[in-house]
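Visitor: Pasting in a structure now, in structure tokens, and then I'll have a few things to ask.
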Amino acid sequence: MSRERVAPQDWYETIRMADDVTLIQEPWIKPFFRCNMWHVRGRDRDLLFDSGLGHVSLSRHVRLVTERPLIAVASHTHFDHIGCHHEFAHRAVHAAEAAILADPRNELTLADKYATDEMFDRMPKGWQSERYRIEPAPAERLLQDGEIIDLGDRAFEVVHTPGHSPGGIGLFEKRTGIFLSGDIVYDGPLIDDAYHSDRGDYRATFERLRPLGVSVVHGGHFPSFGPVRYRQIVDEYLEGLRKAGCHLT
Ligand SMILES: [Zn+2]
Ligand SMILES: [Zn+2]
């Protein structure tokens with residue numbers, strides 16, 4: 001790759017969506033590896049769901065995340081989602097992946113396989129894939145299914161979504177139907193064969209998620225979508241498992 005490196009101030013972009021939700025992304029990373037970070041404004045505090053690759057400081061270059069008190073929640077602990085968690089004082093993760101957030105070694109976060117120069121359209125200044133490490137970010141709050149992330153005037157329910165990884169979660173806001181879904185469901189190739197993936201869990205999670213009254217799904221990768229596409233993706237996956245002859249319990 002002969003092109004010039006990208007300066008830190010040009011690394012992130014923010015896109016404002018409805019209902020005080022903002023997408024933060026790293027556009028120089030190819031879509032399959034490019035994590036969607038979701039910022040939600042609340043009355044008493046803000047929510048950040050995932051924090052990206054971590055090579056360029058999020059708190060230094062995206063003003064939105066330092067304007068108000070904020071809780072940084074991890075959808076799960078793959079490297080593309082937790083790189084900047086250490087920059088935030090208040091951190092939460094599902095209990096099943098708390099150990100990885102506290103000790104995010106490359107072989108546990110999939111960075112050993114995927115965090116290479118091939119991820120980028122253009123690389124950021126200072127990037128050397130062999131030196132990539134994520135800073136430990138032990139959580140102050142360990143989440144379980146059904147808990148509420150309370151922003152004062154907004155409440156997001158934790159939905160445990162094992163399958164892609166054991167401690168995956170989505171956050172569902174009942175009032176608006178907003179579902180922040182992480183890597184369990186997005187509009188692109190779903191990953192059910194990572195070292196700690198489980199297809200039986202994936203299927204059980206999808207059967208549980210299917211009736212959820214979503215109005216919009218903001219996933220961990222790729223563009224957002226609505227309820228029809230949501231059920232289409234879920235059904236296609238379940239159908240594929242059946243075709244592949246996976247008779248899972
Ligand atoms: Zn993932
Ligand atoms: Zn991901």
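The values are calculated or read from the model by the stated rules, or taken from the named source; none is laboratory data. This is a predicted model, so every value here is computed, not measured. Neighbour counts run over all protein chains shown; Cβ positions are idealised from the backbone, glycine included. Surface areas here come from the heavy atoms of the whole protein model, side chains and all, with no ligands, DNA or RNA. Shrake-Rupley method; radii C 1.70, N 1.55, O 1.52, S 1.80 Å.
Visitor: May I ask you to derive the FRET efficiency for R242 and D10 from their Cβ-Cβ distance with R0 = 51 Å, giving the value to the nearest 0.05? Numbers along the way, then the final one.
Guide: On the way: r = 46 Å, r/R0 = 0.90.
Working from the Cβ atoms, E equals 0.65.
Visitor: Consider a paramagnetic label point 7 Å from the Cα of R229 along Cα→Cβ; state which residues of the stretch 15-36 have an amide N under 19 Å from it.
Guide: 15-27, 30-36
Visitor: Just subtract the alpha-carbon distance of L142 and E67 from 0.36 nm times their residue separation and send over the number in nm, one decimal. Provide the component values of the computation, followed by the final result.
Guide: Numbers: separation 75, 0.36 × 75 = 27.00 nm, distance 2.46 nm.
That pair, L142 and E67, stretches by 24.5 nm at full extension.
Visitor: Please compute the modelled spin-label separation between R60 and A194, points set 7 Å along Cα→Cβ, answer in nm with one decimal.
Guide: Distance between label points: 2.7 nm.
Visitor: Using modelled backbone amide H atoms (1.01 Å from N, in-plane), which distant-in-sequence or interchain residues come within less than 5 Å of D145's amide H?
Guide: Placed amide hydrogens put H160 under 5 Å from D145.
Visitor: Just the number please: accessible area per residue for the chain, 1.4 Å probe, all protein chains included, in Å². Mind dumping the intermediate values first?
Guide: On the way: 11070 Å² over 249 residues.
Counting only protein heavy atoms, the per-residue value for the chain is 44 Å².
Visitor: Springs between alpha-carbon atoms under 10 Å, Gaussian network over the chain: tell me which of M17, M37, M123 tops the mean-square fluctuations.
Guide: Largest GNM mean-square fluctuation: M17.
Visitor: Amide H of M123: which non-local residues (sequence gap of 5 or more, or other chain) have their own amide H closer than 5 Å, using H built in the peptide plane?
Guide: Those qualifying (amide H under 5 Å, at least 5 residues apart or on another chain) are V6.
Visitor: Once the whole set of protein chains is in place, how much accessible area is left on D121, using a 1.4 Å probe, in Å² to the nearest 10?
Guide: Per-residue accessible area (D121): approximately 70 Å².
Visitor: Using Cα pairs under 8 angstrom and six or more residues apart, how large is the relative contact order of the stretch 5-238, in percent?
Guide: Values: 530 pairs, mean separation 39.3, N = 234.
Contact order relative to length: 17 percent.
Visitor: Determine, from the Cβ-Cβ distance of R3 and A155 and an R0 of 30 Å, the FRET efficiency 1/(1 + (r/R0)^6), rounded to the nearest 0.05.
Guide: Working: r = 45 Å, r/R0 = 1.50.
For R3 and A155, the calculated efficiency is 0.10.
Visitor: Roughly speaking, what is the centre-to-centre gap between the stretch 1-41 and the stretch 196-249 when only Cα atoms are used, to the nearest Å?
Guide: Taking the Cα centre of each part, the stretch 1-41 and the stretch 196-249 sit 25 Å apart.
Visitor: Counting Lys and Arg as +1 and Asp and Glu as -1, what is the net charge of the other residues whose Cβ lies under 15 Å from the Cβ of D235? Provide the component values of the computation, followed by the final result.
Guide: Details: positive: R203, R208, R210, R229, R231, R242, K243; negative: D187, E207, E236, E239.
Every neighbour counted, the sum reads +3.
Visitor: Another question, then. Which value, in Å² and to the nearest 10, is the accessible area of I134 when all protein chains are kept and the probe is 1.4 Å?
Guide: 10 Å²
Visitor: A further question follows. Can you compute the equivalent ellipsoid semi-axes for the stretch 139-249, i.e. the square root of 5 times each eigenvalue of the Cα gyration tensor, sorted largest first and rounded to whole Å?
Guide: Details: eigenvalues 111, 56, 27 Å².
With the √(5λ) rule applied to the stretch 139-249, the semi-axes are 24, 17, 12 Å.
Visitor: Tabulate in residue order the Karplus-calculated ³J(HN,Hα) for the stretch 216-233, using 6.51 cos²θ - 1.76 cosθ + 1.60 with θ = phi - 60°, rounded to whole Hz; enter x for Gly and Pro.
Guide: Rounded to whole hertz, the list is 8, 10, 9, x, x, 8, 6, x, 6, 8, x, x, 5, 4, 4, 5, 4, 5.
Visitor: Rounded to whole Hz and in sequence order, give me ³J(HN,Hα) for the stretch 102-114 from the Karplus expression 6.51 cos²θ - 1.76 cosθ + 1.60, θ = phi - 60°, writing x for Gly and Pro.
Guide: 7, 8, x, 5, 4, 6, 8, 9, 6, 4, 4, 8, 10
Visitor: Full extension from K30 to H90: what is 0.36 nm times the residue separation minus their Cα-Cα distance, to one decimal in nm? Don't jump to the answer; show the numbers that get you there.
Guide: Working: separation 60, 0.36 × 60 = 21.60 nm, distance 2.93 nm.
Working it through step by step, the gained length comes to 18.7 nm.
Visitor: Please report, in cubic angstrom per residue, the volume enclosed by the convex hull of the alpha-carbon atoms of the stretch 45-92. Numbers along the way, then the final one.
Guide: Working: hull volume 2.9 nm³, N = 48.
Expressed per residue, the convex hull around the Cα atoms of the stretch 45-92 is 60 Å³.
Visitor: From zero up to wherever the largest Cα-Cα distance of the chain sits, split into 5 Å bins and tell me the percent of pairs in each.
Guide: It works out to 1, 6, 14, 19, 20, 18, 12, 7, 2, 1, 0, in whole percents.
Visitor: Still on this structure, I have one more. For K125, which lysines qualify as cross-link partners when the Cα separation must be under 17 Å and same-chain residues fewer than eight apart are set aside?
Guide: The reachable lysines, counting only those whose Cα sits under 17 Å from K125, are K30.
Visitor: So, with a 1.4 angstrom probe, what is the percent of accessible area on the chain that is carbon and sulfur?
Guide: Numbers: 5320 of 11070 Å².
Accessible surface attributable to carbon and sulfur in the chain totals 48 percent.
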